[in-house]
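My questions all concern the structure below.
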2 protein chains.
Amino acid sequence: MSISEPEATTAVNGSLPRQRRTYSIGELARMFEVTPRTIRFYEQEGLLAPERRGQTRIYHEKDRVRLKLTLRGKRLGFSLAEIREVIEMYDAMPDGNARQLKRLLEILADKRTNMERQLEDIRLMQRELDDVELRARDVLERLDQA
Amino acid sequence: MSISEPEATTAVNGSLPRQRRTYSIGELARMFEVTPRTIRFYEQEGLLAPERRGQTRIYHEKDRVRLKLTLRGKRLGFSLAEIREVIEMYDAMPDGNARQLKRLLEILADKRTNMERQLEDIRLMQRELDDVELRARDVLERLDQA
DNA sequence: CAAGCACTTTACGTTAACGTCAACGTCGTC
DNA sequence: GACGACGTTGACGTTAACGTAAAGTGCTTG
């Protein structure tokens, strides 16, 4: 079990198979619009660890969620190494010692301040875009009058 | 004059030199915590075009603002090429034809949707962080009791 | 059973964004 | 006038994150 499960069944359901769906690498690639190569690369970097049926990889919900989080992290500018670090610590959590856990909390706080700055950057950037757009429209208008 | 001036003097001041401050490459590097190499590289990529006094580069407010925007764009995951594209179009605005301006507006809209997704990603990521932190604190607590 | 399709591994190639190093010019100053 | 701090131009090196091509495995479908 790993890194939260958004669409986990709503609590009361005994030992039902929960979500027995699995995915091939191709399916996963299509649904996230990446190439299989990318997914294999993420595995090689320790971000995924799919089951193997013989030679071929079998992905479960857990893996899909990880991939989703990984890609989200990437869009936010985190390196794969950073993402892996958090994932690893998370997986080691249940039996983690205090030092490791404190370290994890530190990292999280770090990411958090990062997010804050991102938010500020976005606000500022949006203002810039507003400004530029306004000027552009202005010029366009004058241009239309001639 | 380029890409907006945040701290422009507040309107009513005739033909005062406004802001006659200039910067060396080292000063700029220190104030933004990048290396001179980075700044030269940005110039080579068409993001900056400082004045030259003989051999050495002289940066004005205009250049400083550009650098600031460039770095902000980078933090938001834009490539230098993307950033340059916007800057170039902005500079070409006053005498730009309608087609170019419409293109600029398109690009801006594009960036804007990008920002929106970023915001959503940040929201989601913050929830994840909250979740992970909560669990970590939980484990820590149980650990402290033993 | 041959063809095709999806999957596999291995390995080398590529791009962006700089880092690093060499070799040199130009100041101020001790 | 040597020295150190700062600037300059090449030019090559490096890292992350994949792309791409080759060569093979395994299923199922006409």
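The values are calculated or read from the model by the stated rules, or taken from the named source; none is laboratory data. Quick caveat, the model's predicted, so the values are computed rather than measured. Glycine also receives a Cβ, built like all others from the backbone with ideal geometry; neighbour counts cover every protein chain displayed. Side chains are part of the model used for accessible areas, which takes the heavy atoms of the whole protein and leaves out ligands, DNA and RNA. Shrake-Rupley method; radii C 1.70, N 1.55, O 1.52, S 1.80 Å.
Could you tell me which numbered condition A:Ala109 fails, if it satisfies all but one of (1) within 16 Å of DNA strand D (Cβ to nearest atom); (2) more than 24 Å from A:Glu33 (Cα to Cα)?
(1)
Counting only residues that are surrounded by 14 or more Cβ atoms within 10 Å (Cβ to Cβ) and among the polar types (S, T, N, Q), how many does the range B:25-49 have?
Matching residues across the range B:25-49 total 1.
Next question, about the same structure. Condition first: open to solvent by 60 Å² or more (accessible area, probe 1.4 Å) and within 16 Å of the chain's Cα centre (by Cα). Now tell me which residues in the range B:50-64 satisfy that.
B:Lys62 - this is the single residue of the range B:50-64 that is open to solvent by 60 Å² or more (accessible area, probe 1.4 Å) and within 16 Å of the chain's Cα centre (by Cα).
Test B:Gln118 against the stated conditions and say whether it is within 11 Å of chain A (Cβ to nearest Cβ), of a type in the set (S, T, N, Q), open to solvent by 20 Å² or more (accessible area, probe 1.4 Å) and assigned to a helix (DSSP H, G or I). Give the steps one after another, and end with the answer.
Values: within 11 Å of chain A (Cβ to nearest Cβ): yes; of a type in the set (S, T, N, Q): yes; open to solvent by 20 Å² or more (accessible area, probe 1.4 Å): no; assigned to a helix (DSSP H, G or I): yes.
When the stated conditions are applied, B:Gln118 does not pass them.
Which fully enclosed helices (runs of 4 or more DSSP H) of the range A:20-80 have 2 or more residues being within 12 Å of DNA strand D (Cβ to nearest atom) and within 14 Å of another protein chain (Cβ to nearest Cβ)? Even if it seems obvious, please write down each step before you answer.
Working: elements: A:25-32, A:36-44, A:61-75.
Qualifying helices (runs of 4 or more DSSP H): A:61-75.
Sticking with this structure for a sec: Among all residue pairs at least 6 apart or on different chains, which show Cβ distances below 7 Å where the first residue, located in the range A:115-135, is closer than 16 Å to B:Thr113 by Cβ and the second is open to solvent by 30 Å² or more (accessible area, probe 1.4 Å)?
Filtered contacts from the range A:115-135: A:Ile122/B:Leu119; A:Leu129/B:Arg112.
Further question on the same structure: Looking at (1) open to solvent by less than 50 Å² (accessible area, probe 1.4 Å); (2) closer than 22 Å to A:Gly73 by Cβ; (3) of a type outside the set (D, E, K, R); (4) facing chain A (nearest Cβ under 9 Å), can you tell me which one B:Leu104 breaks?
Condition not satisfied by B:Leu104: (2).
Select from the range A:89-99 the residues that are buried (at least 17 other Cβ atoms within 10 Å of the Cβ) and either among the β-branched types (Val, Ile, Thr) or over 17 Å from B:Ala146 (Cα atoms) (or both) and list them in ascending order. Step through it out loud before you land on a result.
Residues of the range A:89-99 that are buried (at least 17 other Cβ atoms within 10 Å of the Cβ), as a first pass: A:89-90, A:93, A:96.
Result: A:Met89, A:Tyr90.
May I ask you to say which residue of B:Arg99, B:Arg123, B:Arg84 is in a helix (DSSP H, G or I), outside the structural domain of B:Leu28 (by TED's automatic domain parsing), at pLDDT below 95 and not hydrophobic (A, V, I, L, M, F, W, C)?
Values: B:Arg123 fails: at pLDDT below 95; B:Arg84 fails: at pLDDT below 95.
Among B:Arg99, B:Arg123, B:Arg84, only B:Arg99 is in a helix (DSSP H, G or I), outside the structural domain of B:Leu28 (by TED's automatic domain parsing), at pLDDT below 95 and not hydrophobic (A, V, I, L, M, F, W, C).
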